[in-house]
1. Only helices (runs of 4 or more DSSP H) wholly contained in segment 168-244 count here; list those with 2 or more residues that are basic (Lys, Arg), at pLDDT 95 or above and on the phi < 0 side of the Ramachandran plot.
2. So in segment 66-85, with the set limited to residues that are charged (D, E, K, R) and part of a helix (DSSP H, G or I), which one is farthest from GLY109 (Cα to Cα)?
3. In segment 331-358, which residues are over 25 Å from PHE202 (Cβ atoms) and not acidic (Asp, Glu)?
4. Give me the strands (runs of 3 or more DSSP E) completely within segment 1-55, filtered to those with at least 3 residues that are exposed (fewer than 14 other Cβ atoms within 10 Å of the Cβ), ordered by residue number.
5. Which residue pairs have Cβ atoms under 7 Å apart, sit 6 or more places apart or on different chains, and have a first residue in segment 210-221 that is among the hydroxyl-bearing types (Ser, Thr, Tyr) and a second that is in a loop (DSSP other than H, G, I, E, B)?
6. Based on this model, can you work out whether SER310 counts as touching a Leu at 6+ places or on another chain (Cβ under 9 Å), surrounded by 13 or more Cβ atoms within 10 Å (Cβ to Cβ), of a type in the set (S, T, N, Q) and within 30 Å of ARG216 (Cβ to Cβ)?
7. Within the set of pairs 6 or more residues apart or between chains, which connect a residue that is on the phi > 0 side of the Ramachandran plot inside segment 122-150 to a residue that is surrounded by fewer than 24 Cβ atoms within 10 Å (Cβ to Cβ) and of a type in the set (Phe, Trp, Tyr) with Cβ atoms less than 7 Å apart?
8. Please state which one of LYS340, LYS344, LYS327 is basic (Lys, Arg), at pLDDT below 95 and on the phi < 0 side of the Ramachandran plot.
Amino acid sequence: MSECITVHLKSKPIYDILFENNFNALPGKLSELGFSGRRVCIVTDSNVEKLYLEEVKGLLEAADDAFLCVKSYVIPAGEEHKTLDEIRKLYVYLIEEHFDRHDLLIALGGGVIGDMTGFAAATFLRGIDFVQVPTTLLAQTDSSIGGKTGVDLDGYKNMIGAFKMPILVYSNLSTLKTLDGRQFAAGFAEIMKHGLLKDEEFYMWLVEHNYEITDRDLDTLTEMLLRSCDIKRVIVEKDPTEKGDRALLNLGHTLGHAIEKYKMPELLHGECVALGCIAAAFISWKRDLISMEDFYEIRDMFVPFGLPISADELDIDRIIEIAHSDKKNDGNFVRFILLKKIGKAFIESDITDDEMRAALEELNFNEDD
């Protein structure tokens, strides 16, 4: 199996998104891109290190077109390590190993590693190339594509970052077999989001293929990822630095990020995106943009994919306060993505605290409900 999507900017091909079922083609692809004879550093985390680092490093070291050296750097796993201090340690390692701007970083892991490696690539020596090798569903469908990089600051998501396009995204779909059920479901939230915001037909296809998706049938996952990534590709090509329509990809993220910060580390990013999508659909319903039936369908369709539709012990006032600090806001306005219908989203900047409060009350679970 080998599938490919190419991302273009200003009609110029910038990088490929490859879908494979192993890592075998990665060394040859890097040689095609001109990196034989250069230093390569694989950046990964302490979980992925145990699963894939030895295999990927071995393939690169055994490549016919030899690399000057293949190094690796391991960051402790977890969102709490997505910090400037960890980036500083990576900078020091690259300096001590004599990396220069002609060398290459490889992000091997999930969204945290992709974001951190991309940010390091954007800023080390004013920019060196990097490759995304995402190993989670969340990273393969969303965070590895489009060039957004960053680190958190005091728990606020990606407040320090840069746009830095990878030179390649290499997705080995067999890695999805090793994800636990919760991590797989969390990644699926972003795929459902893509259908909700841009493609009703794809959304319905996801619902109809629920069993194949949750059983991780490889052919179904391949079609799912091709269609999901293509939705993001079209949006990113039109608006690479989020001056306009790319903000649509933030459906579910305004309150989702705020809930994530408040509940960290109890809830995963994708679980919070699911809750944020439900909140956005609720506000859309209350504004008479979608019907009550549409709202309940959207909410309930997260359930068979293992995603939450409520959370307990939410401090609603605190979450609204956090939402006002989100980097996506527009001046004094909280910028929200709402739905005109399933498959058609739009940007709205006049969401009130009362509307957010009502949506959060809808999500808030307590024993008396």
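The values are calculated or read from the model by the stated rules, or taken from the named source; none is laboratory data. Being a predicted model, the structure only gives us computed values, none of them experimental. Cβ placement follows ideal geometry from the backbone for every residue including glycine, while neighbour counts extend to all protein chains displayed.
1. 181-198, 218-238
2. Step by step, filter segment 66-85, then rank; the result is ASP85.
3. Hits for segment 331-358 are GLY331, ASN332, PHE333, VAL334, SER349, ILE351, THR352, MET356, ARG357, ALA358.
4. Per the criteria, 2-9.
5. Close Cβ pairs (under 7 Å, with a partner that is in a loop (DSSP other than H, G, I, E, B)) amount to THR220/HIS209.
6. yes
7. If the second residue must be surrounded by fewer than 24 Cβ atoms within 10 Å (Cβ to Cβ) and of a type in the set (Phe, Trp, Tyr), the pairs left are GLY147/PHE163.
8. LYS327
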